[in-house]
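Single-structure report; data block below.
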Amino acid sequence: MSMRTLQANLIFRLITIAAIVGFCSVAPAETINVPKDAPTIQAAIDLAQGDDIVLVEPGRYNESINYNGKAITLKSTKGAAVTTIDGWDVRDSVVKCISGEGPSTVLDGFTITGGTGNEDLYGEKETVGGGLLCLHSSPTIMNCIFVSNRTNYQGGGIYNGDRSNTVIRNCKILSNESVRGGGLYNGRGMPELKDSEISNNNASYGGGGMYNFGSNIRVITCQFKDNRADYIGGGIYDYDSSGRVIASSFKSNVALINGNAFYHGYKSATVLDEDCVLITPRDTISGSGSYQVAQGKKTGACCIGTGCLIVDERSCTKAGGSWLGPNTSCDDQLLACPKPNTGDINTDGVVDMMDLVLVMTSMDSKFKK
């Protein structure tokens, strides 16, 4: 066989291999239907590959699911109102993304409930991520309802752990419970929360709605309503974090000690945009962290409740505080701020019936436990 013939055969083989590889790479994604093609959601995930879509018919699915690192879309056919993944008696997080999942891993249109959290990180007495557990993963969560999940450590509804940049859009996070972060706990990641409602969640320590630790979270057009912390940060507790809250509202959040709407803890540098709204007088902002507002404005010390923040005059007034003027510091607060009244539980400047109601509510909830 001549050299020219050998070269021709080699070229033909290479072209054939390239054609096969190219055909495989553009093969269309498959759709797996639950329960038609697979009896459970986890069984469908196990079958799925590549960019496959798992479509789930209405119903209640009693299971805990794990994406196992797959870039697939898990979607209900009729929406969250009629499609539930229930973790009752499973003793785990209802949904887990713990294998490096990225934005192409999608959860769309489910009610997630009954989760008690994962025990692998800290043990059975300190569970995390009742509804959703993300570790080193950044899935996309859309049109979901996280309700009535409970953990005994962090993240009753959702736990975003180290390097988890989860995107959460158009979701409701309702009536979840934990010690830190009744609704959500964000630790050392860059998650995004947009167009979502966080309400009626409870934390026995801090961050009834959300607890941020070492994170850079972006919150856009969200509502924090009726969240509660038995200690600090009814709506949000922020610790060593530098996120941004944009065009969001706070309504009737409660912390029994300080920071009904927002508590800025150690090295908190989160920016609260001027478009944010504090709807009720009880939605106070407290804490001695290096709180900031949108750039380009003159800032100074603002006395709010028992705390002091560095903000602009408009933000201070909107939050119901007393602004000490431009370029003042929280050191000046010791002399210039009015001394808080003993018994002023909701830090609105007066001791009244509302403070008594909060005390009685706290006592009642502890007796029920």
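The values are calculated or read from the model by the stated rules, or taken from the named source; none is laboratory data. Just so it is clear, the model here is predicted, and its values are computed rather than measured. Note that we place each Cβ from the backbone using ideal geometry, even for glycine, and neighbour counts take in every protein chain shown.
For the reader, a short list of remarks on this structure follows.
- Near pairs, Cβ below 6 angstrom, 6+ apart or cross-chain, from the stretch 67-78 (aliphatic (A, V, I, L, M)) to any residue that is surrounded by 17 or more Cβ atoms within 10 Å (Cβ to Cβ): A71/T105; I72/A48; I72/D52; L74/V54; L74/L107
- Taken over the stretch 162-178, the residue count meeting the criterion of being within 26 Å of V82 (Cβ to Cβ) and either among the hydroxyl-bearing types (S, T, Y) or over 11 Å from the mean Cα position of the chain (by Cα) (or both) is 6.
- Filter result for V106 (surrounded by 15 or more Cβ atoms within 10 Å (Cβ to Cβ) and over 27 Å from G155 (Cα atoms)): no
- Lone qualifier among S164, S215 - being touching a His at 6+ places or on another chain (Cβ under 8 Å), part of a loop (DSSP other than H, G, I, E, B) and under 24 Å from L121 (Cα atoms): S164
- Every residue from the stretch 145-161 that is touching a residue at least 60 places away in the same chain (Cβ under 8 Å) and over 19 Å from A81 (Cα atoms): Y159
- Matching residues, the stretch 91-121, being in a loop (DSSP other than H, G, I, E, B), hydrophobic (A, V, I, L, M, F, W, C) and either in contact with a helix residue (DSSP H, G or I) (Cβ under 8 Å, 6 or more places away or on another chain) or under 18 Å from I41 (Cβ atoms) (or both): V94, I98, F110
- Residue list for the stretch 236-254, restricted to those being in a loop (DSSP other than H, G, I, E, B), of a type outside the set (G, A, S) and closer than 16 Å to R188 by Cα: D240
- Conditions (1) surrounded by fewer than 16 Cβ atoms within 10 Å (Cβ to Cβ); (2) in contact with a helix residue (DSSP H, G or I) (Cβ under 8 Å, 6 or more places away or on another chain); (3) of a type in the set (D, E, K, R); number of the one not met by K70: (1)
- The sole residue among A261, A255, A301 that is modelled with pLDDT of 85 or more, of a type in the set (A, V, I, L, M, F, W, C), under 18 Å from W323 (Cβ atoms) and surrounded by 24 or more Cβ atoms within 10 Å (Cβ to Cβ) is A261.
- Every condition in (1) under 14 Å from E192 (Cβ atoms); (2) crowded, with 19+ Cβ neighbours inside 10 Å; (3) not aliphatic (A, V, I, L, M) holds for F250 except the one numbered (1).
- Top-ranked residue of the stretch 228-243 - restricted to ones that are at pLDDT 95 or above and either charged (D, E, K, R) or over 11 Å from G206 (Cβ atoms) (or both), ranked as surrounded by the most Cβ atoms within 10 Å (Cβ to Cβ): D238
This table checks each residue for (1) among the aromatic types (F, W, Y); (2) closer than 22 Å to G183 by Cβ; (3) in contact with a strand residue (DSSP E or B) (Cβ under 7 Å, 6 or more places away or on another chain).
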{"position": "A48", "(1), (2), (3)": "no, no, yes"}
{"position": "R60", "(1), (2), (3)": "no, no, yes"}
{"position": "I72", "(1), (2), (3)": "no, no, yes"}
{"position": "G79", "(1), (2), (3)": "no, yes, no"}
{"position": "S99", "(1), (2), (3)": "no, no, no"}
{"position": "V106", "(1), (2), (3)": "no, yes, yes"}
{"position": "G115", "(1), (2), (3)": "no, yes, no"}
{"position": "G129", "(1), (2), (3)": "no, yes, yes"}
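- Filtered residues of the stretch 238-260 (kept if touching a residue at least 40 places away in the same chain (Cβ under 8 Å) and within 13 Å of C222 (Cβ to Cβ)): N253
- Selection count, the stretch 154-176, where residues are modelled with pLDDT of 95 or more, surrounded by fewer than 22 Cβ atoms within 10 Å (Cβ to Cβ) and farther than 18 Å from V219 by Cβ: 1
- Subset of the stretch 122-138 [part of a loop (DSSP other than H, G, I, E, B), farther than 13 Å from N66 by Cβ and in contact (Cβ under 8 Å) with a residue 24 or more places away in the chain]: Y122, K125, E126, T127, G130, G131, H136, S138
- Entry remark, the stretch 48-65: residues being in contact (Cβ under 8 Å) with a residue 24 or more places away in the chain, more than 18 Å from A81 (Cβ to Cβ) and of a type in the set (G, A, S) number 2 in total.
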